[in-house]
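One structure below.
The values are calculated or read from the model by the stated rules, or taken from the named source; none is laboratory data. Because the structure is a prediction, the values reported are computed rather than measured. Quick reminder, even Gly has a Cβ in these numbers, built from the backbone with ideal geometry, and neighbours come from all protein chains shown.
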Amino acid sequence: MDDIVKQALAKWPNVPHCYGWLGLDARGNWYMRDDRTQAEGPFVQAKGSMLRHDKLIDFIHRNYEHDDEGQWFFQNGPQRVYVELEAAPLVWRVAEEGGGKFTVTAHTGQAVDVSGCLLDEAGRLYLVAPIGLGLVHTQDVGIAAEAIEQGLWTPETVQASELPQRFGHVMSPAQGHAGAAAALSKQ
């Protein structure tokens with residue numbers, strides 16, 4: 001986390017969290033979702049505007065984390081901006097280094113060691129690493145297939161709907177927040 005973010009948290013510890021305004025798609029792209037976009041429906045159905053500002057994206061990457069409930073967020077100064085996920089909290093880029101060696105890097109730029117490989121009912125390939133579950137970027141599936149063919153990874157067949165519970169991540173913090181707010185208003 002950036003030092004400036006830590007300082008802002010210390011200065012303003014009680015800033016309300018933000019839900020529904022930021023989404024991460026299956027290719028590692030960030031989307032800003034204004035009120036109009038959110039009114040059109042949940043993330044993926046209504047993505048919003050893709051972020052293209054490199055410095056903003058780098059800032060998000062450096063401050064992208066998850067809470068104890070498995071909700072992924074971007075710490076924007078004192079405010080937590082919870083992220084709507086299309087497929088998984090991370091998107092992996094896979095590269096072949098030659099000599100049967102492959103590297104895996106999260107969309108945030110963090111290099112990881114793979115501890116598991118999963119294949120869902122739609123043929124989507126996921127990798128497990130110490131920082132979490134991620135979907136292999138569509139452009140890198142062929143490279144990942146090389147690693148599988150070489151016996152480096154052995155895919156386990158899974159159902160995509162079971163992955164959030166198994167790996168402890170929340171696909172839509174906004175949906176959970178809206179449900180909790182509705183329950184409180186009925187009390």
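Here are some notes:
- Every test in (1) outside any strand (DSSP E or B); (2) surrounded by fewer than 14 Cβ atoms within 10 Å (Cβ to Cβ) is passed by THR108 save one, and that test is (2).
- Whenever a residue of the stretch 89-117 is more than 20 Å from ASN63 (Cβ to Cβ) and in contact (Cβ under 8 Å) with a residue 40 or more places away in the chain, its partners that are part of a strand (DSSP E or B) and of a type in the set (Asp, Glu), lying with C-beta atoms within less than 9 angstrom and at least six residues away or across chains, give the pairs PHE102/GLU96; GLY116/GLU156.
- Residue in the stretch 107-120 that is in contact with a Phe, Trp or Tyr (Cβ under 6 Å, 6 or more places away or on another chain), within 27 Å of GLY20 (Cβ to Cβ) and at pLDDT below 95 present: no
- Against the numbered list (1) in a strand (DSSP E or B); (2) of a type in the set (S, T, N, Q); (3) surrounded by fewer than 15 Cβ atoms within 10 Å (Cβ to Cβ), GLN165 comes up short only at (1).
- Single match in GLY123, GLY134 (criterion: closer than 25 Å to VAL170 by Cα and part of a loop (DSSP other than H, G, I, E, B)): GLY123
- Subset tally (residues that are part of a helix (DSSP H, G or I) and either surrounded by fewer than 15 Cβ atoms within 10 Å (Cβ to Cβ) or not hydrophobic (A, V, I, L, M, F, W, C) (or both)) for the stretch 149-162: 3
- Pair list, Cβ under 9 Å, 6 or more apart: the stretch 160-187 residue in the same structural domain as LEU118 (by TED's automatic domain parsing) and modelled with pLDDT under 95, other residue among the hydroxyl-bearing types (Ser, Thr, Tyr) and part of a helix (DSSP H, G or I): none
- Residues that are among the charged types (D, E, K, R) and surrounded by 13 or more Cβ atoms within 10 Å (Cβ to Cβ), drawn from the stretch 41-73: LYS47, ARG62, GLU65, ASP67
- Considering GLN79, GLN38, the condition of being touching a residue at least 12 places away in the same chain (Cβ under 8 Å), closer than 13 Å to HIS17 by Cβ and touching a helix residue (DSSP H, G or I) at 6+ places or on another chain (Cβ under 9 Å) is satisfied by GLN79 alone.
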